[in-house]
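Visitor: My questions will all concern the structure given below.
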Amino acid sequence: MINAKLLNPKSIVVVGGSDDVTKAGGKVLKNLLSGGFTGDIFVVNPKAPVVQGLTAFADVLMLPRTDLAVIAVAARYCPGIVRTLATDKGTGGFIILSAGFGEEDEEGTALEKEIVDIINSTGGTLIGPNCIGFLNNNYHGVFTEPIPRLSPEGIDFISGSGATAVFILETAITGGLPFSSVWSVGNSAQTGVEDVLEHLDVTFDPLTSSRLKLLYIENIADPLRFLRHSASLIRKGCRIAAIKAGSSEAGSRAASSHTGAMASPDTAVDALLRKAGIVRCYSRTDLATVAALFTYKPLKGKRIAIVTHAGGPAVMLTDALSEGGMEIPRLAGPAADRLLEKLFAGSSVANPIDFLATGTAEQLGYIIDACENDFDEVDAIAVIFGSPGLFPVDDVYSLLHDKIRSCRKPIYPILPSVINVKREIAEFIAHGNAIFTDEVLFGRALCRVNATPTPAVPEKTVDVTAGSSDLNGISTRTDIRVIREIIDSAGDGYLSPEKVSVLLRAAGVETVAESVVTSAEAAVRTAASMGYPVVMKVVGPVHKSDIGGVALNIINEERVWEEFVRMMALPEVTGILIQKMISGRELFCGATREGRFGHLVMAGMGGIFIEVFRDVATALVPVSDREARLMIRSLKSYKIIKGIRGSAAVNEEAFVRVITSLSNLLAAAPEIAEMDINPLLGTPEKIVAVDARISLKSKV
């Protein structure tokens, strides 16, 4: 539990503080002394009677009662120091900067566990070890620089890496971003990213809490908790962006060696962040760009007016926005004509609006006013304004400052001249504005922010223990009793085709008429009763096609007999599945269990679209109707599903129902380790499962 002694201590001791500000203990003490902390600051140093002007204590036993301890001594000394402070000095907050713990070896892990046990026994809070510290508006408990501009409305920043936190701070500060708190959780021995998110969630005050959150994550220890609290914060009006490092195999190794924890599967991470409504970022600059966007009015729409006095950047921004699904509407008509009359000859208002290198602040004001009031087809305004360094541009930046605050539509200042007008930009930032310096990075970030869906976390969780078919979000189409009977009576491994069909139908997925036979006579009778043509498939081998275990378009008794004899001679075959042959567009739906993340549902077109193009959308269970619809519409092949060049469309709502039915099945049967429904055949009327396999593994 994150407590008040960490957040707002009345007294702080630096154990290991010194006069050497090139070391962690000396620098954190300097930052505390210069940071405006209004309480008592103590220092423990057995070798110096005075440290940075403070009378030093030779041992923690000599200290008065102290709320917070910042510890910068060798790891082996930390447990004893923590025990004395926690049990004798009333210390409830601990920041351990020292390395040499769980990130190094088993001995360090044991020291870490001992410290956590002591702090937990007294109800304390630990940040670290192996971190740069913690800072907020009350005190600067970090040993690094720069110290950001602090504001209650600034960013709450949580990082699993201390060095990366410093680099991100440098990038963000140069863009004008203020901070409310910085949490460097280090080894997360007691307090990790999820703990901080929970604290920010449960203590959120709409009047005083920051609404901006940035995350740098190398490991997600508790995905469901992470999801619950991040989605809750976003529903309360917060905006969250995150970097999740370790997406490649090599990156996972690096993250693992850095944090002492295994990195998470990237596809599941991507689905987790999307489900929470978090904007995923991929670099420090990307994260800072998205954070700057968060400081401006939310974009309501996707139609952007680009205002510029330089043609090239406007072209590049137009390309970036268009490629990301935004619109650059053409501006024409009487309002455009009136605006053009106020600009110098040679200007253009078609969009991009180019008012030339000689354009003035007054003309920029006319343009912004027209976009705000006269052009209903514009949802936001991106202003690119640099300088060749020939004259000051204070009037332009002053105008932008005023318009950003007075206009209903968001105005984004893209200011590339970071050297030529360094002074003016610094003043613009000092007045509380965040800036963008690269139009392409800005454009791509804006597209991603606008495309990130709202949280898709249901208010109720699935409870499959009560035995009802309409519990806590599981659709009434799902017959939980039938599902549990099959799952509970089956062992690990692949289910038989008959049981797979029963499970799918119990979940609400329509299946093709089928029957398993073990004799040629039964095969002939079954095919005749279904009506030709039929399909025959082997039962037993997992990969039927690889051994020639599938025969299509069988139209008579002789062929049924012939294929039965041939297939039964194939290795490991125990029977033959006969199905009525139907036609339709091939679709795919499947799932896999991803450890702590739960089940990941996948959907897309079948055939080469999944095998070659990997055109698959994913979501974590439970999947809502809205989420399933977004999955389908995110596919590159979505136009085919809608019908293209005269071909029949697939019933999109039926596809949505298949995805959510599969989600319900997985919620009711967490023992399912892997499943594929491939193909599903879709028509304008319905979607039918033709072939499926389900594998169980009881240890979840």
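Any read-out appearing in this document is the output of simple, stated calculations on the displayed coordinates, not a laboratory observation. Computed from a prediction, not measured in an experiment: that's the story for all the values here. A quick note on method: Cβ atoms are made from the backbone with ideal geometry, for glycine too, and the neighbour counts reach across all protein chains shown.
Visitor: Cut-off 19 Å, label point 7 angstrom out along Cα-to-Cβ of A451: give me the residues of the range 307-335 whose amide nitrogen falls inside.
Guide: Residues 316-329 fall inside that zone.
Visitor: Between D319 and T208, what is 0.36 nm times their sequence separation minus the Cα-Cα distance? Round to one decimal in nm.
Guide: Working: separation 111, 0.36 × 111 = 39.96 nm, distance 3.95 nm.
My answer for the length gained is 36.0 nm.
Visitor: Quick check: Cα centre of the range 179-253 to Cα centre of the range 124-153, how many Å?
Guide: Cα centroid of the range 179-253 versus Cα centroid of the range 124-153: 16 Å apart.
Visitor: Can you list the residues, at least 5 places off or on another chain, whose amide H is less than 5 Å from the amide H of S180, using H built in the peptide plane?
Guide: Under 5 Å from the amide H of S180: S151, G154, I155, D156, F157.
Visitor: Could you calculate the FRET efficiency of E521 with R235 from 1/(1 + (r/R0)^6), where r is the beta carbon distance between them and R0 is 56 Å, rounded to 0.05?
Guide: Efficiency, from the Cβ-Cβ distance: 0.35.
Visitor: Residue by residue through the range 48-56, what is 3J(HN,Hα) from phi via Karplus (6.51 cos²θ - 1.76 cosθ + 1.60, θ = phi - 60°)? Round to whole Hz and write x for glycine and proline.
Guide: Couplings: 9, x, 10, 10, 6, x, 9, 5, 8 Hz.
Visitor: Report the relative contact order of the chain, percent, no decimals, based on alpha-carbon pairs under 8 angstrom and at least 6 residues apart.
Guide: Reported as a whole number, the value is 8 percent.
Visitor: Also, quick follow-up: Can you tell me how much longer the chain between D20 and E427 gets when fully stretched, taken as 0.36 nm per residue apart minus their C-alpha distance, in nm with one decimal? Please list the in-between numbers first.
Guide: On the way: separation 407, 0.36 × 407 = 146.52 nm, distance 3.43 nm.
My answer for the length gained is 143.1 nm.
Visitor: Please list, ordered by chain and number, the residues whose modelled amide H lies under 5 Å from the amide H of V51; skip anything fewer than 5 residues away on the same chain.
Guide: HN-HN under 5 Å from V51: A56.
Visitor: Mind listing the phi-derived Karplus ³J(HN,Hα) values for the range 162-168, rounded to whole Hz, using 6.51, -1.76 and 1.60 with θ = phi - 60°, and x for any glycine or proline?
Guide: After applying 6.51 cos²θ - 1.76 cosθ + 1.60, I find x, 4, 5, 4, 4, 5, 5 Hz.
Visitor: Next up: Given Cβ point charges of +1 (Lys, Arg) and -1 (Asp, Glu) and nothing else, what value in debye, to the nearest 20, does the dipole of the chain about its Cα centre take?
Guide: Around 720 debye, computed over the chain.
Visitor: When only Cα pairs under 8 Å and 6 or more residues apart are kept, what is the percent relative contact order across the range 118-243?
Guide: 28
Visitor: Related question: Using a 7 Å offset from the Cα along the Cα-to-Cβ direction at both A332 and Y77, what is the distance between the two label points in nm, to one decimal?
Guide: Roughly 7.7 nm, to one decimal.
Visitor: Amide H neighbours of V383 under 5 Å, counting only residues 5+ apart in sequence or on other chains, H built in-plane at 1.01 Å?
Guide: Close amide H contacts, sequence-distant or interchain: V307, Y412, I414.
Visitor: Turning to a different aspect of this structure: Could you tell me the calculated FRET efficiency between A513 and D369, based on Cβ-Cβ distance and R0 = 60 angstrom, to the nearest 0.05? Display every interim value, and only then the final one.
Guide: Working: r = 67 Å, r/R0 = 1.12.
Efficiency computed from Cβ-Cβ geometry: 0.35.
Visitor: In whole Hz, with x marking every Gly and Pro, tabulate ³J(HN,Hα) for the range 622-631 from phi via Karplus 6.51 cos²θ - 1.76 cosθ + 1.60, θ = phi - 60°.
Guide: Using θ = phi - 60°, the values come out as x, 10, 7, 4, 4, 5, 4, 5, 5, 4 Hz.
Visitor: Also, quick follow-up: Given a Förster radius of 60 Å and the C-beta distance between A350 and K10 as r, what FRET efficiency does 1/(1 + (r/R0)^6) yield to the nearest 0.05?
Guide: Result of the calculation: an efficiency of 0.45.
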